[in-house]
There are 2 protein chains.
Amino acid sequence: MDRERLLEVAAGVDAGVAARLRFVTELDRLKGIVRQTPVLDGERLENSAEHSWHVAMTAWALAPLADEPLDLDRVIRILLVHDIVEIDAGDVFIYDTAGREAVVAAEEAAAERIFGLLPAGEGAEMRALWDEYERRSTPEGRFAYACDRLQPLLANVAGGGGSWARHGVTAERVKAINGRMAEGSGRLWEVAEAILDACIDEGLLE
Amino acid sequence: MDRERLLEVAAGVDAGVAARLRFVTELDRLKGIVRQTPVLDGERLENSAEHSWHVAMTAWALAPLADEPLDLDRVIRILLVHDIVEIDAGDVFIYDTAGREAVVAAEEAAAERIFGLLPAGEGAEMRALWDEYERRSTPEGRFAYACDRLQPLLANVAGGGGSWARHGVTAERVKAINGRMAEGSGRLWEVAEAILDACIDEGLLE
């Protein structure tokens, strides 16, 4: 039985459930979107679905140290949806500035299509949370963004340079991109910068 | 730079951040815990980290159809932590009853160790949410459990039988185990049962 037949059977019993199962089964494809970051043992690259879980947990663990009061449940929801557009638009390396600009329209179209699989009000909520992440327009959006910078930084460092070494990204670029972390948490950026400085000292980052 | 050196550098700047980063980097190992369920295209088996994300999103999408009012943020938090003990105890196939019983003590020890990496109050919150899932002691725990049964059922059906076919699990067993879904959502179980009946009709399940 394929996915379409499964949804047809579901719709025969309960159209409301079936409509939401179309969205739920579509999300499975995020497991196939491969990122540039290694899993910590360096064995393979991580995908955007497991990354989304890990960064949500990162935010939860670090939220007690946030610079200002946060609605943690909102941060978690933001991080659960923040990469869903990659199902259509793919993952573009954060250091690929031209690629990042080129993908903006594709991500907008992806948000329209994928969140549009849900009933209007429910899709709109997820879409608004994705916008909040992209625009970093709230304390929650900025803290989510900071955690989304920190998690791959840790994986890259513990993986011996990972994507930076592979792509020849310089220390200056790593600091410029990750320095945006400070908008969401000065405290996290202070630690991250010390880790990057230690990497420079140890010759892992040029 | 390995993980211990990274945590040492972090501790030199901010011991509070470093303590939580020990927990955060430990979580990476959940990406290496392989489950019996295929990803929908059948290409490989899913891991417990990406599963945790997917089932949290499943709950979010289906919560508007729950039988009783739910605190959805609590359901999401329960599902984010529900499989973390597998980092130490491994994933035991739900149809392996003897294996499930044997692993209970290992899971308790795992919860103690892993949530114990966090400062006491913070670790206790996650631990309590894991207990809530295991005991299905609240509407949120029961709904989380129902979604955790539904997501692999969908993947198994769309993957042509997946883990059931591979392990020779009968229709009767599949219905008995997944029927517990009804405790959390009668509506979801009604749809799931119709999908299973269609699988029996089509000879996918014996």
Sole residue being part of a helix (DSSP H, G or I), facing chain B (nearest Cβ under 9 Å) and either within 28 Å of A:Gly159 (Cα to Cα) or more than 12 Å from the chain's Cα centre (by Cα) (or both), chosen from A:Leu40, A:Leu118, A:Leu21: A:Leu21
Do we find a residue being at pLDDT below 95 and more than 17 Å from B:Asp14 (Cα to Cα) anywhere in the stretch A:143-151? no
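Checking the structure you have, find out if any residue of the stretch A:50-68 is under 21 Å from B:Arg44 (Cβ atoms), within 7 Å of another protein chain (Cβ to nearest Cβ), out of contact with any Lys or Arg (no Cβ under 8 Å at 6 or more places or on another chain) and of a type outside the set (Val, Ile, Thr). Show your work before the answer.
Within the stretch A:50-68, the subset under 21 Å from B:Arg44 (Cβ atoms) is A:50-54.
Still in the list and also within 7 Å of another protein chain (Cβ to nearest Cβ): A:50, A:52-54.
Restricting the remaining residues to those that are out of contact with any Lys or Arg (no Cβ under 8 Å at 6 or more places or on another chain) gives A:52-53.
After this cut, where a residue has to be of a type outside the set (Val, Ile, Thr) as well, the list is A:52-53.
Yes, the conditions are met somewhere in the stretch A:50-68.
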Look through the stretch A:191-206, keep the residues that are farther than 19 Å from A:Tyr145 by Cα and more than 8 Å from chain B (Cβ to nearest Cβ), and return whichever of them is surrounded by the fewest Cβ atoms within 10 Å (Cβ to Cβ). A:Gly203
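Out of B:Glu46, B:Glu112, B:Glu108, B:Glu50, report the one residue that is touching a strand residue (DSSP E or B) at 6+ places or on another chain (Cβ under 7 Å), outside any strand (DSSP E or B) and among the acidic types (Asp, Glu). Reasoning before the result, please.
Working: B:Glu46 fails: outside any strand (DSSP E or B); B:Glu112 fails: touching a strand residue (DSSP E or B) at 6+ places or on another chain (Cβ under 7 Å); B:Glu108 fails: touching a strand residue (DSSP E or B) at 6+ places or on another chain (Cβ under 7 Å).
Step by step, each of B:Glu46, B:Glu112, B:Glu108, B:Glu50 is checked, and only B:Glu50 is touching a strand residue (DSSP E or B) at 6+ places or on another chain (Cβ under 7 Å), outside any strand (DSSP E or B) and among the acidic types (Asp, Glu).
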Would you pick out the residues in the stretch B:110-151 that are among the small types (Gly, Ala, Ser), under 18 Å from B:Trp60 (Cβ atoms) and out of contact with any helix residue (DSSP H, G or I) (no Cβ under 7 Å at 6 or more places or on another chain)? none
Go through the stretch B:77-105 and count every residue that is within 14 Å of another protein chain (Cβ to nearest Cβ) and not in a loop (DSSP other than H, G, I, E, B). 7
If you go through the stretch A:165-190, how many residues are outside any loop (DSSP other than H, G, I, E, B) and over 16 Å from A:Asp148 (Cα atoms)? 6
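A quick yes/no check of all residues on (1) out of contact with any helix residue (DSSP H, G or I) (no Cβ under 7 Å at 6 or more places or on another chain); (2) acidic (Asp, Glu); (3) buried (at least 20 other Cβ atoms within 10 Å of the Cβ):
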position	(1), (2), (3)
B:Asp2	no, yes, no
B:Leu6	no, no, yes
B:Phe23	no, no, yes
B:Leu27	no, no, yes
B:His54	no, no, yes
B:Val75	no, no, yes
B:Leu79	no, no, yes
B:Ala105	yes, no, no
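The values are calculated or read from the model by the stated rules, or taken from the named source; none is laboratory data. As the structure is a prediction and not an experimental result, all values here were calculated from the model. No Cβ is skipped: glycine too gets one built from the backbone with ideal geometry, and neighbour counts run over all protein chains shown.
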